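Everything on this sheet refers to the single structure shown next.
The values are calculated or read from the model by the stated rules, or taken from the named source; none is laboratory data. Bear in mind that the values here come from a model prediction, so they are computed numbers and not experimental data. Cβ atoms come from the backbone with ideal geometry, glycine included; neighbour counts cover every protein chain shown.
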């Protein structure tokens, strides 16, 4: 009996079975991940080049290990800070959102500047 596999089906199966990693980046040799505390971020990367702050209405957050889950129910006012790390012109900048004292998202930006 011969089995035939189509390339798109195999590729989809591999992608769907791959582990889903949280966004992260390195400060030197130390990895920063979603779920880390703001204090851990500061100790690993130092003071960010820029911080902006805003208040938003969101469902409360509960952390299960390194997985963030929003709890259904009443919305609460939450302070969200956006930290920008500029590591210079030869490295990519990082945008980190900190909510409730925890890293909730990491986004890579373009190359930094002096």
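One table, with the values for the structure above:
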quantity	calculated
Test result for residue 54, loosely packed, with under 11 Cβ neighbours inside 10 Å and modelled with pLDDT of 70 or more	yes
Test: residue in the range 17-35 that is modelled with pLDDT of 80 or more, assigned to a helix (DSSP H, G or I) and within 18 Å of residue 87 (Cβ to Cβ)	no
Selection within the range 72-111 - part of a loop (DSSP other than H, G, I, E, B) and free of Cβ contacts under 8 Å to residues at least 40 places away in the same chain	72, 73, 74, 75, 86, 87, 88, 89, 90, 91, 100
Selection within the range 105-114 - under 14 Å from the mean Cα position of the chain (by Cα) and surrounded by fewer than 17 Cβ atoms within 10 Å (Cβ to Cβ)	105, 107, 108, 109
Scan of the range 20-36 for residues that are in contact (Cβ under 8 Å) with a residue 40 or more places away in the chain and either surrounded by fewer than 12 Cβ atoms within 10 Å (Cβ to Cβ) or over 12 Å from the mean Cα position of the chain (by Cα) (or both), ordered by number	27
